[in-house]
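The values are calculated or read from the model by the stated rules, or taken from the named source; none is laboratory data. Since the model is a prediction, treat every value here as computed from it, not as a measurement. Positions of Cβ are backbone-derived with ideal geometry, glycine not excepted, and every protein chain shown enters the neighbour counts. Remember, those area values only see protein heavy atoms, side chains included, never the ligands or the DNA or RNA. Shrake-Rupley method; radii C 1.70, N 1.55, O 1.52, S 1.80 Å.
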Amino acid sequence: MTAQIIDGTAIALKVRNEVKEKVAARIAAGKSQPALATVLVGERIDSATYVSMKQKACAELGMTSYHKPLPADISQEDLEKLIKELNADPKVNGILVQLPLPSHLDEERVLQLISIEKDVDGFSPINLGRLAQKGREPLFVPCTPYGCIYLLKEAGVTIKGANAVVLGRSNIVGMPAALLLVKEDATVTVVHSRTKDIPAVMKNADIIIAAIGRAQMVRGDWIKPGAAVIDVGINGIPVLDDKGNPVISEKTGKPKQKLVGDVNYDEAKEVAGFITPVPGGVGPMTIAMLMANTLRAAEIQDK
Ligand code: NDP
């Protein structure tokens, strides 16, 4: 069997185009332009890149973004003051605090402070708590897990009644992905670093969401034939030549790297029914879902 490739780039583009049309329609109807505030503490290159991608997406979709770069040594008090100002600012619909924060800051207190109506990342304890409760709905769902479920639905995978295994239990991916699958009526097992015999646990999984940050750890023979595999992992590994030696970049003089997921793609695609590639699977969905959440925040705040 060769798996059907779930094209995250194309599906994300579809989501973005839908958001763009809805934004244009609300502006034509005299409503406000949705606006996202991005809070970046310090100068981590990866965090700065993610924030600039989010700002660029806002501009492309007709939304405003307000960037709030802060020094790495900002005090807890000053950061909390900014969050309170953004909560109170009617021009701001969504607040995104780029994680991780420097270790001297209390991340939980910061996330707790974001108004749930502006919590477009879905990380506030209230939104996450609602996700975990039966009969309650969060206002916003964390963007990466939301993107995973969206991809499954777009591919036509039946979630209701399926056996699902989520690899990873982080607050931002694994755990909310598991909770979302439960809400969609899947039977869910969560695998983590203390799980014994992971291949045996995965044997009956109709759906696999892999979010562990371990390059190509999930092997083809761990996967049930026909399963849907969503690979969240983003891992850099060295590019090797025919003899297995690292290829050195002429430009940088350093070993060339390529991105791979948590799943051994070449093996898995021969067994799975559906699979997301890395790159081009879950990655593009995260920002698309953030844009959808920001539009939703503006709509909630219209009322
Ligand atoms: P974390 O490091 O926060 O969590 C990793 C999880 O995997 C933990 O629950 C950990 O278990 C578990 N784990 C680690 N090693 C093993 C192992 N050998 N066997 C079983 N479980 C293991 O990572 P994140 O959730 O933040 O990210 C996971 C991956 O997803 C990363 O590659 C990251 O780059 C990627 N990512 C991609 C995004 C996208 O947009 N595509 C967005 C966010 C993340 P334990 O809890 O016991 O420590």
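Given 10 °C and 1.306 mPa s, how large is the Stokes-Einstein diffusion coefficient of the chain in µm²/s, with Rh as the Kirkwood radius over Cα pairs?
78
Using a 1.4 Å probe and ignoring any ligands, DNA or RNA, find the accessible area of GLU137 and quote it in Å² to the nearest 10.
Surface open to solvent at GLU137 totals about 120 Å².
Jot down the radius of gyration and Dmax of the range 223-303, Cα atoms only, both in angstrom.
Reported Rg and Dmax, both Å: 18.5, 63.
Among the DSSP beta bridges whose two residues both lie in the chain, what percent are antiparallel, rounded to the nearest 5?
That works out to approximately 15 percent antiparallel.
In the full protein assembly as shown, how much of THR144 is accessible to a 1.4 Å probe, in Å² to the nearest 10?
30
When all protein chains stay in place, what accessible area (Å², nearest 10, 1.4 Å probe) is found for GLU107?
70
Please state the relative contact order of the range 30-116 as a whole percent: Cα pairs under 8 Å, 6+ residues apart?
40
Between SER193 and ILE27, what is 0.36 nm times their sequence separation minus the Cα-Cα distance? Round to one decimal in nm.
Result for the pair: 55.0 nm of gain on full extension.
How large is Rg/Rh for the range 186-227, to two decimals, with Cα atoms and a Kirkwood Rh?
0.91
Sequence gap at least 6, Cα distance under 8 Å: using those rules, report the relative contact order of the chain to the nearest whole percent.
22
Write down the accessible area per residue of the range 30-116 in Å², having rolled a 1.4 Å probe over the full set of protein chains.
Ligands and nucleic acids excluded, the figure is 51 Å² per residue.
What is the Å³ per residue value for the convex hull set by the Cα atoms of the range 143-284?
124
Over the range 143-284, what is the mean sequence separation of C-alpha contacts under 8 Å (at least six apart), divided by residue count, expressed as relative contact order in percent?
Worked out over the range 143-284, it gives 23 percent.
Assuming 0.36 nm per residue, please report the length gained on full extension of the stretch LYS303 to VAL247 beyond their Cα-Cα distance.
Using 0.36 nm per residue and subtracting the Cα-Cα distance, I get 14.5 nm.
Determine the distance separating the Cα centre of the range 97-147 from the Cα centre of the range 43-64; give it in Å without decimals.
Spelled out, the Cα-based centre of one part sits 19 Å from the other.
Once neighbouring chains are kept in place and the probe is 1.4 Å, which whole percent of the accessible area of the chain is contributed by carbon and sulfur?
Carbon and sulfur: 52 percent of the exposed surface of the chain.
Could you tell me the center-to-center distance, by alpha carbons, between the range 264-280 and the range 174-216 in angstrom?
With the range 264-280 and the range 174-216 each reduced to a Cα centre, they are spaced 16 Å.
Could you check the simple spin-label distance between GLU77 and THR2, using points 7 Å along Cα→Cβ, in nm with one decimal?
So the label points at GLU77 and THR2 sit 6.4 nm apart.
Viscosity 1.002 mPa s, temperature 20 °C: Stokes-Einstein D of the range 132-196 from its Kirkwood Cα radius, in µm² per second?
The diffusion coefficient I find is 176 µm²/s.
With every protein chain kept in place and ligands, DNA and RNA left out, what is the accessible area per residue of the range 143-284? Probe 1.4 Å, answer in Å².
Result: 50 Å² per residue.
Using a 10 Å cut-off on Cβ atoms, rank the peptides 20-32, 266-278, 207-219 from the highest mean neighbour count down.
207-219, 266-278, 20-32
At R0 = 41 Å, how high is the FRET efficiency between ARG136 and LYS256 if r is their beta carbon distance? Nearest 0.05 is fine.
After rounding to 0.05, the efficiency reads 0.30.
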